[in-house]
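One structure is given below, encoded as structure tokens.
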Amino acid sequence: MQMIELDNIKPDTVIVVAGPTASGKSGLALDIARRYDGEIVNADSMQVYQGTPIISAVPSAEERTEISHHLYEIYHPSVNGTVVDWLERAVAAIQDIWSRAKLPIVVGGTGMYIDNLINGTTPIPEPKQEIRTKVQHLLTDMGQEGLYNLLQKEDIAGAKMLNPNDATRVRRAYEIFLQTGISIAEWYKKPMLKKLSEADFQVIKIIPDANELDNRCYRRFDMMMKAGALDEVCFLLSLELDKNMPAMKMLGVPELAEYLSGCLNLNEAIDLAKLHTRQYAKRQRTWFRNKLPAHIILDKCFC
């Protein structure tokens, strides 16, 4: 096990542990919390959902009893969690941890969350619930391509910024346009706002060898299947959620849902889930390697 030694910890320090899925981030965060009197704040956009602790790899009940964890399983799967809401909650959690003279340790693999926390976010107002509901219905009725075409007609500049296949960002861009009448492209030109300007962020990132990461992804998915991941997918399907909801896009959920609906056999579903997990981990690894400056870089998974 690698030992991370931290120095120059101050009352306003925030440790950030970042890296791709299956790289050992949660284990590293726990190790730091044990040795430096810390508490852990989740920065994973799937671990915020209830009812899926196995397939989203939420820390165990024992770990969460030993060390205080924040922002895990905070939403019902029917909720469309946003980076804006997460950021507000994360800032409040960090300030609460500071107030008790503890060390906040933010851990996760969602680059957008971590980037917004460290570097700030655009001052975009949060869309009203009725607008979010309206746009979700449009996405369901028109499909991803239809909603993108609608955005193109009403907000050409915003649409040009986005990948037409990125349903989450297309939906949010249209929500913002309906809420404000201003293109998301214009909002992104406004000065960034830092919610924790006083924080001293110390970043640790895990950038392991691709083969090592692939093998860990495969092994972890096998362990999830043995632990009951299929039961969690059954639970999600029982809610009859729109397939575009974030909870329905967790790694492994679409593939196992295809098995449960009879479209794939179990081995096909597992193989496809492992492939998509590996591809996602590769994208994360690339983003963290190129986009996130760090004080400490680990070239092996933490175990």
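No value in this document is a laboratory result; all are computed from the given coordinates. The model shown is predicted, which means the values in this text are computed figures rather than measured ones. We place every Cβ from the backbone using ideal geometry, glycine too, and count neighbours over all the protein chains shown.
I need the shape label for the range 70-167. Rule: rounded when a/c is under 1.5, else prolate if a/b > b/c, else oblate, with a, b, c from the alpha carbon gyration tensor.
Verdict is prolate for the range 70-167.
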Of all GluC sites (Glu not before Pro) in the range 150-237, which ones are in loop regions per DSSP and have a Cβ with at most 11 other Cβ atoms within 10 Å?
Glu198
Loop-resident trypsin sites (Lys or Arg not before Pro) in the range 197-303 with no more than 14 other Cβ atoms inside 10 Å, DSSP not H/G/I/E/B, are Lys243, Lys300
At 222 nm, what helix-only mean residue ellipticity would the chain give, in deg cm²/dmol to the nearest 500, using -39500 (n - 2.57) for each DSSP H run of four or more?
-16000 deg cm²/dmol
Starting from the Cα gyration tensor of the range 168-293, take the square roots of the eigenvalues, sort them a ≥ b ≥ c, and report rounded, prolate or oblate (rounded when a/c is under 1.5, otherwise prolate if a/b is larger than b/c, else oblate).
oblate
Determine by what factor the alpha-carbon radius of gyration of the range 211-285 differs from 2.2 N^0.38 Å, reporting the quotient.
1.08
Specify which residue in the list Leu260, Leu230, Pro191 is farthest towards the positive end of the charge dipole of the range 189-262, using unit charges on the beta carbon of Lys, Arg (+1) and Asp, Glu (-1), about the Cα centre.
Pro191
Residues whose placed amide H lies under 5 Å from that of Leu298, excluding near-sequence neighbours
Lys205, Ile206, Ile207
Using the Kirkwood radius over C-alpha pairs as Rh, can you work out the diffusion coefficient of the range 55-122 via Stokes-Einstein at 10 °C, viscosity 1.306 mPa s, in µm² per second?
118
Cross-link reach list, lysines versus Lys128, counting only Cα pairs under 27 Å and skipping chain neighbours closer than eight places:
Lys153, Lys160, Lys189, Lys190, Lys194, Lys195, Lys243, Lys249
Assigned charges on the beta-carbon of Lys, Arg, Asp, Glu; the chain dipole about Cα centre (debye):
660
Do any chymotrypsin sites (Phe, Trp or Tyr not before Pro) in the range 60-167 lie in a DSSP loop with no more than 11 other beta carbon atoms within 10 Å, and if so, which?
none
Just the projected area, averaged over all directions, of the convex hull on the alpha carbon atoms of the range 198-251: how many nm²?
6.7
Square roots of five times the Cα gyration tensor eigenvalues for the chain, Å
30, 26, 17
Name the long-range amide H neighbours of Val106: under 5 Å, sequence gap of 5 or more, or other chain; modelled H, no Pro or chain starts.
Ile15, Val16, Val17, Val41
Within the range 74-108, the residues whose backbone N lies under 15 Å from a label point placed 7 Å from the Cα of His295 along the Cα-to-Cβ direction are 103-107
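Just how large is the dipole of the range 185-251 about the Cα centre, in debye to the nearest 20, putting +1 at every Lys and Arg Cβ and -1 at every Asp and Glu Cβ? It would help to have the intermediate numbers written out before the result.
Details: 11 positive and 11 negative charges, 51 e Å.
Roughly 240 debye for the range 185-251.
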A student applying the Cα gyration tensor rule (rounded when a/c is under 1.5; otherwise prolate if a/b is larger than b/c, oblate if not) would label the range 129-187 oblate
Dipole moment magnitude, nearest 20 debye, the range 211-285 about Cα centre, only Lys, Arg, Asp, Glu C-beta charged:
480
Calculate the FRET efficiency for Lys190 and Asp115 from the Cβ-Cβ distance with a Förster distance of 22 Å, rounded to the nearest 0.05.
0.85
